[in-house]
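Peer 1: Starting off with a structure, shown below.
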Amino acid sequence: MPGPTAGAAGPAGDTPTDPHTAPAAEAAEPGSGDPAATGLATVVVLGGLAALGPLTTDLYLPGLPAIADDLAAQPAAVQLTLTFSMFGVAAGQLLFGPLSDRFGRRPPLLAGMVLFTLASVLCALAPSLPVLIAGRFVQGVAGSAGLVIGRAVARDRFKGVAMLRFLASITLISGLAPILAPIVGAQLLRVTSWRGTFGALTALGLLLTLGAFGALRETLPAGARDRGGIGATLQTMGRLLRDLPFLGLALTSSFAYGALFGYISGSSTVLQHVFRVSPQTYSLLFGLNSVAIVVMTQLNGRVLARRFTSRALVLGGLGAAVAAGAALVLGTRLWDLGLIGFCLPLFVLMGSLGVLLPNTAAEALSLVEPQTAGTAAALLGTGNFLAGAVVAPLSSLGGQPSAVLLAAVVLVCGLLATATYLALCRPAQMRTAEA
């Protein structure tokens, strides 16, 4: 099975266009697909599948205290339902990505969605905390199918700016999940128990299963599939991880996700316990920051990618993320800038991630052939969620919420992402795989 190529020759020996050193609009070669021609149902279903991760996480969070009371468990033990869900998402991508390279995109996706629906039923009926934790792990594994296969579908159908526009369309839908999920979850608890939130996830899983069955066509032809077994898959993973540009982009994305999860895990306690904002104010601030990443993702895919190289956009996103981290550290450690001095850098951070994350993903996927896109997307996603699982507890080291620790986590992750990209993703090493 061929690995990433050193370059792709154009017709009659023409020099290929490189999306890493030319504006993304020029990289979209004829025949690479037009996202505008993609059916609305396809975009909605893929966006919904990508939104399963944050929905599965955020929808049930308001019910954590009720779960502890109902199942006679300690709050710290109930937190394991979140931890194991994140590990499930990380592990599941390593399963469904390679499966989609071997059997096509549709069969593993549909299997994952059926399994997600059944796991949601198990969570809703869980008689004990260990059963709920097991159900959450399976839920994470199964829900990862939509996340990883959606990226592979984007690589199958599009290149350059077309890929970024397609990912932007999906993100427009999936980006609403972290904004709406806590609100919807809190409202569900007014009319039902915590089990009802998993009932809602069951209904959503069934709806997306039917939508995927009806709206999504196969995008990986039988002749382009990877026919190797587990050994060949492991060889592909090893080859990708030894490929310095791909590894650099994967690590850059993972460190950026570390900053994101550091914010997500620490902002609630810091804002409510340190800055004394109400739960309603926290929800508003969280929603505004979510809007920042959605808006910048759309601006990146529809405007910026046509005017700037992908490398320039990644460097700009990294610079903004580091600046946001530095401002957070200065505003919490040296100066007392209050709530605005804490929230404004976070808004900048989320906006920078709206540019940084889609461009690193698009660059990494453009380095591989379509028959290995699922495996490549799996490695990207697994790294992201493992980084999130590791970084998430750091902002609460010592048992107390700390704005300084959260700021330090954001800054260190931003610096590591920048150093990794500069060291491993040099322009001379970047290239594009054959379509």
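Peer 1: Can you tell me the length gained on complete extension of the stretch R190 to L61, counting 0.36 nm per residue apart and subtracting the Cα distance? Write down the numbers at each step before the final one.
Peer 2: Details: separation 129, 0.36 × 129 = 46.44 nm, distance 1.39 nm.
Result: 45.0 nm gained on full extension.
Peer 1: Something else now. How large, in percent, is the carbon and sulfur part of the accessible surface of the stretch 30-173 at a probe radius of 1.4 Å? Kindly include the intermediate steps, with their values, before the conclusion.
Peer 2: On the way: 3690 of 5040 Å².
Answer for the stretch 30-173 is 73 percent, counting heavy atoms of protein chains only.
Peer 1: Solvent-accessible area of I264, probe 1.4 Å, all protein chains present, reported in Å² to the nearest ten, please.
Peer 2: Using a 1.4 Å probe on the heavy atoms, I get roughly 60 Å².
Peer 1: Using the Cβ atoms and a cut-off under 12 Å, what net charge is assigned to the surroundings of L357, where Lys and Arg are +1 and Asp and Glu are -1?
Peer 2: Values: positive: R151; negative: E363.
Taking every Cβ under 12 Å from that of L357, the sum is 0.
Peer 1: Not counting ligands, DNA or RNA, and with a 1.4 Å probe, what is I293's accessible surface area in Å² rounded to the nearest 10?
Peer 2: The accessible area comes out at roughly 40 Å².
Peer 1: Quick check: at a probe of 1.4 Å, how many percent of the accessible area of the stretch 229-434 sits on carbon and sulfur atoms?
Peer 2: On the way: 5650 of 7980 Å².
Of the solvent-accessible surface of the stretch 229-434, carbon and sulfur hold 71 percent.
Peer 1: Relative contact order, percent, of the stretch 39-226 when contacts are C-alpha pairs under 8 Å separated by at least 6 residues?
Peer 2: Numbers: 284 pairs, mean separation 75.3, N = 188.
So the answer I get is 40 percent.
Peer 1: Can you sort D226, D70 by solvent-accessible area, 1.4 Å probe, largest first?
Peer 2: Values: D226 15, D70 90 Å².
Output order, biggest surface exposure first: D70, D226.
Peer 1: Express in Å², to the nearest 10, the accessible area of M237 obtained by rolling a 1.4 Å probe over the protein heavy atoms while all chains stay in place.
Peer 2: 30 Å²
Peer 1: Residues with beta-carbon under 10 Å from that of G248, excluding G248: net charge, scoring Lys, Arg +1 and Asp, Glu -1?
Peer 2: Values: positive: R426; negative: D243, E363.
Summing Lys and Arg as +1 and Asp and Glu as -1 gives -1.
Peer 1: Lys/Arg Cβ at +1, Asp/Glu Cβ at -1, dipole of the stretch 272-423 taken about the Cα centre: which of Q272, G414, S310 is farthest positive-ward?
Peer 2: Value: S310.
Peer 1: Please name which of V295, L240, G383 has its Cα lying farthest along the dipole of the stretch 229-434 towards the positive end, using unit charges on Cβ (Lys, Arg +1; Asp, Glu -1) and the Cα centre as origin.
Peer 2: V295
Peer 1: Based on alpha-carbon centroids, what's the gap between the stretch 278-340 and the stretch 124-156 in Å, whole number please?
Peer 2: Using only Cα atoms to place each centre, the spacing works out to 29 Å.
Peer 1: Find out how many positive minus negative residues lie around L299, taking Lys and Arg as positive, Asp and Glu as negative, among other residues whose Cβ is under 15 Å from that of L299.
Peer 2: Values: positive: R165, R302, R306, R307; negative: none.
Summing Lys and Arg as +1 and Asp and Glu as -1 gives +4.
Peer 1: Measuring with a 1.4 Å probe in the full set of protein chains, what accessible area per residue, in whole Å², belongs to the stretch 229-434? Provide the component values of the computation, followed by the final result.
Peer 2: Working: 7980 Å² over 206 residues.
Here the residues of the stretch 229-434 average 39 Å² of exposed surface.
The values are calculated or read from the model by the stated rules, or taken from the named source; none is laboratory data. Model, not experiment: these values are computed from the prediction. In this analysis, Cβ positions are derived from the backbone assuming ideal geometry, glycine residues included, and neighbour counts consider all displayed protein chains. What goes into the accessible areas is simple: the full protein's heavy atoms, side chains included, and nothing from ligands, DNA or RNA. Shrake-Rupley method; radii C 1.70, N 1.55, O 1.52, S 1.80 Å.
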